[in-house]
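What follows is a short report on a single structure.
Every number in this text was worked out from the coordinates using simple rules, so none of it is lab data. What you are looking at is a predicted structure, and each value in this text was computed from that prediction instead of being measured. Cβ placement follows ideal geometry from the backbone for every residue including glycine, while neighbour counts extend to all protein chains displayed.
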Amino acid sequence: MSRTLFEKIWDAHVVTQEPDSPAVLYIDLHLVHEVTSPQAFTGLRSRGLKVRRPERTVATMDHGIPTTPLDVPIADQLAAHQIKTLETNTSEFGVRLYGMHSEHRGIVHVIGPELGFTQPGMTIVCGDSHTSTHGAFGALAFGIGTSEVEMVLATQCLLQRKPKTCEVRVDGQLAAGVSSKDIILALIAKIGVGGGTGYVFEYTGSAIRGLTMEQRMTICNMSIEGGARAGMIAPDDATIEYVAGREFAPKGAAWDAAIARWRGLPSDDGATYDSSIVLDAAALEPMITYGTNPGMGMRITERVPDPANLGDANQKLALEKALNYMDLRPGQPLLGKKVDVVFIGSCTNSRISDLRLAAGLLKGRKVADGLRVMVVPGSQDVKKQAEQEGLDTVFKEAGAEWREAGCSMCIAMNGDQLQPGQYAVSTSNRNFEGRQGKGGRTFLASPLTAAATALTGTITDVRTLI
Amino acid sequence: MAQFTTLSARQVALPINDIDTDQIIPAQFLKVTDKNGLGQVVFHSWRFLEDGSPNPDFVLNQPVAQGAQILLAGDNFGCGSSREHAPWALTGFGFRAVISTSFADIFRNNALKNGLLPVVVDAPTHQMLFDLAEEAPQATLNIDLPSQTLTLPGGETVSFPIDGFNKACLLNGTDEIGYVLGFEAQIKAFEARNF
Ligand code: SF4
């Protein structure tokens, strides 16, 4: 029978399926970070259990870590304690840690692929909703809670009901100035933040095939913002080329065997999905959000919608509340809106190609007066690569801040945050109230839009600059 | 694991759609290494004013919320981050059940593991409950998990869906990790087959 990519991976990982019960699903790779793991290790300890497969478990610290040089102790006592706790837990349980001073440290969803841990056909989990990122490799990857982290540490398995599948087909050619971030923002604007609940997305179509792995990761990363726990893209030459030679990629005969397996993963002709969505890439424009969830997005040239035009009372209320928080008026254009901060970073858009795009626009120019521009590479490896290419100099000469790797202002746990009332254009993934600092207001957009805005200090359509 | 069988309690209404876990428990409170104390800061940004004093306009600060164990929320509750701190904070405040028309997947899993019952109702029932919260804020709702029913003070009863396995786990207080550990032979066999 014809099967989808998802079904092939699911079937290959069911350890057992009792009647009327969820499947016991084997997990190939478990990523761990400092924020969602301490209580899980505590639970393990109190049960007297070990980590079942330490060699399938990889830890790093990214959320609470400062993005200033780490040669001084972390000032935030709580963050320092949480980081110390991860060090203690990983050393006690024999788990590999990319710690504070590791040259490969970074955002968990950046370093997994970068080091070659992430591979096609795998089941991958992490106590982090953006684990969906790894689906770009044709893996089944999703976020879990801390109780489930404990379960995976203890058993290397999870209890899962089989989700439904949805094909998201994106055909056509993206116009200049439009990127994969705009594809995913357009999708979420179309379906809303709950539109994918209960589904695993598989992105297909010529526009997806034409994307690089880093661009694909941006799309899969934000699947969760549409409510889908996982988003996947079938592996192809681009996938194999990306994985080849990475530190933890298979080598020699194992590599050849892996490629043969991965070639069999794409959905069979005639395989069916429970639902489908179609997007025309050629019709897309740069996107921006105006509200307080990622579904409140529009083309950058549009005007802020009017709650009065919404039929549903709850939606009307939600939009009113969002515009009130954002201090925006219905019908107002966002182009030309003054912002206080531009943040280029996060597991959505902090990889080398994102930084190259931004640097390409900023090269030889200056960021607008009075504007704070932060560039935070996704990993120390990305940082090193960028510095080898001289991108750090481009950013610094333009007047932007060049920081150490981490989640930074995406989640504002480490002191990198907006002040109340400030506006930011951000390449991250969430514009929830207070996400980038209490009272802060976020416009989500692509790295190109962020860089264009950095130059003018107001929300800018990058197509006017290229 | 925390058990749930029946609950007789008052509700408090938060008629907002798409309440994300960043609102339930903002990131600044995720630096803990245990599960305790988060009830005091649940919905922190909405609950407290700039100067740290309670926001009198926010429903959790009003007398009606005292002792309420059921949260009535807008559509798609718990979207966003996977933080289990969200159910820890809600149960820390005293909630035992959340009623909505839908829940985000990860939140629902996390809630079930903490004895916090996600009750899915249809839109008309949802509206009826919001009306009730306005007209009779002191009214008691009855939730009966064995029969999967929610009973309003007037005696109207609606049933709600729940996965049979999750239901059994809640009723029996099943330790899910213990349950999976019971499949050790199958897990070993799987590993032998595949690696
Ligand atoms: S960069 Fe942001 S979204 Fe990504 S893992 Fe870090 S906090 Fe989460």
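Points worth noting:
- Relative to the Cα centre, the charge distribution of chain A, modelled as +1 at Lys and Arg Cβ and -1 at Asp and Glu Cβ, gives a dipole magnitude of about 400 debye.
- Taking amide H as placed 1.01 Å from N in the peptide plane, the amide H of B:A13 sits under 5 Å from that of B:L72, each at least 5 places away or on another chain.
- Note that segment B:167-181 has calculated 3J(HN,Hα) couplings of 4, 4, 4, 5, 5, 9, x, 4, 8, 5, 5, x, 4, 5, 4 Hz, one per residue in order, obtained from phi through the Karplus relation 6.51 cos²θ - 1.76 cosθ + 1.60 (θ = phi - 60°); glycine and proline are x.
- In this simple spin-label model, placing a label point 7 Å from the Cα along the Cα-to-Cβ direction at both B:A192 and A:R261 gives a separation of 1.9 nm.
- Whichever lysines have a C-alpha closer than 29 Å to that of A:K384, once near sequence neighbours (fewer than 8 apart) are set aside: A:K84, A:K181, A:K251, A:K363, A:K366, A:K396, B:K31
- Sorted largest first, the principal axis extents computed over the alpha-carbon atoms of segment B:37-102 equal 32, 24, 21 Å.
- 23 Å Cα-Cα reach of A:K316 towards lysines, excluding residues that sit fewer than 8 places from it in its own chain: A:K190
- Average partner coverage of B:172-183, which counts Cβ from other chains inside 10 Å: 5
- Burial order of peptide ranges A:109-115, A:356-362 (average beta-carbon count within 10 Å, highest first): A:109-115, A:356-362
- Only one residue of A:A313, A:V342, A:S46 has its Cα farthest out toward the positive end of the dipole of chain A, where Lys and Arg carry +1 and Asp and Glu -1 on Cβ, and that residue is A:A313.
- Segment B:1-111 gives an Rg/Rh value of 0.93, both radii derived from C-alpha positions and Rh following Kirkwood.
- Working ranking of peptides A:329-342, A:407-420 by packing, defined as the average number of other Cβ atoms within 10 Å per residue, highest first, is A:407-420, A:329-342.
- FRET efficiency estimate (nearest 0.05) - Cβ-Cβ, A:R47 to A:D20, R0 22 angstrom: 0.25
- Between segment A:357-386 and segment B:25-41, the alpha-carbon center distance in angstrom: 33
- The distance between label points at A:F248 and A:D327 comes to 4.5 nm (points 7 Å beyond Cα on the Cα→Cβ vector).
- Over segment A:355-404: Rg over Rh, Cα atoms, Kirkwood Rh: 0.94
- Long-range amide H partners of A:G127 with built H, under 5 Å: A:H33, A:I144
- MRE, 222 nm, helices only [DSSP H, n ≥ 4, -39500 (n - 2.57), over the protein assembly as shown, to nearest 500]: -9000 deg cm²/dmol
- C-alpha center-to-center spacing [segment A:134-178, segment A:224-258] in angstrom: 13
- Based on the convex hull around the alpha carbon atoms, segment A:99-141 presents an average projected area of 2.9 nm².
- Signed unit charges on C-beta, dipole axis of segment B:1-142, positive-most listed residue B:N17, B:F77, B:T33: B:T33
- Residue (of A:S129, A:T85, A:V152) at the positive-pole extreme of segment A:40-153, dipole from beta-carbon charges: A:V152
- The simple Förster model, with R0 at 22 Å and r as the Cβ-Cβ distance, assigns A:L335 and B:N55 a FRET efficiency of 0.05.
- The amide H of B:F48, built 1.01 Å from its N in the peptide plane, has B:N55 as neighbours under 5 Å, considering only residues 5 or more places off or on other chains.
- Gyration tensor verdict on segment A:339-466 (Cα atoms; rounded if a/c is under 1.5, prolate if a/b is larger than b/c, oblate otherwise): oblate
- Under Karplus coefficients 6.51, -1.76 and 1.60, residue-wise ³J(HN,Hα) of segment A:284-300 in Hz, glycine/proline x: 7, 10, x, 10, 8, 8, 10, x, 10, 8, x, x, 8, x, 8, 5, 4
- Rounded, prolate or oblate (a/c below 1.5 giving rounded, otherwise prolate when a/b exceeds b/c) for segment B:63-129 by Cα gyration tensor: oblate
- Highest to lowest packing among B:6-18, B:125-137, A:34-46, scored as the average C-beta count within 10 Å: A:34-46, B:6-18, B:125-137
- Percent of C-alpha pairs per 10 Å bin, the protein assembly as shown, short to long: 3, 16, 28, 28, 18, 6, 1, 0
- Note on A:K162: lysines with a C-alpha under 20 Å away, same-chain residues under 8 apart excluded, are A:K8, B:K113, B:K167.
- Shape category assigned to chain B from the gyration tensor of Cα positions, a/c cut at 1.5: oblate
- Two-decimal ratio, segment A:233-334, of alpha-carbon radius of gyration to 2.2 N^0.38 Å: 1.76
- Computed from backbone phi, the HN-Hα couplings of segment A:207-218 come to 5, 5, 4, x, 8, 6, 4, 5, 5, 5, 4, 4 Hz, rounded to whole numbers (Karplus: 6.51 cos²θ - 1.76 cosθ + 1.60, θ = phi - 60°; Gly and Pro given as x).
- Peptide-level mean, for B:102-114, of C-beta atoms on other protein chains within 10 Å: 5
- Over all orientations, segment A:38-113 has a Cα convex hull whose mean projected area works out to 5.5 square nanometres.
- For A:E397, net neighbour charge (Lys/Arg +1, Asp/Glu -1) across residues whose Cβ lies under 12 Å away: +3
- Take the Cα of A:E241, step 7 Å toward its Cβ, do the same at B:T174, and the gap between the two points is 4.8 nm.
- Average beta-carbon neighbours from other chains, 10 Å sphere, peptide A:175-187: 0
- Computed from the Cβ-Cβ distance with R0 of 45 Å, the FRET efficiency linking A:V278 to A:Q77 stands at 0.30.
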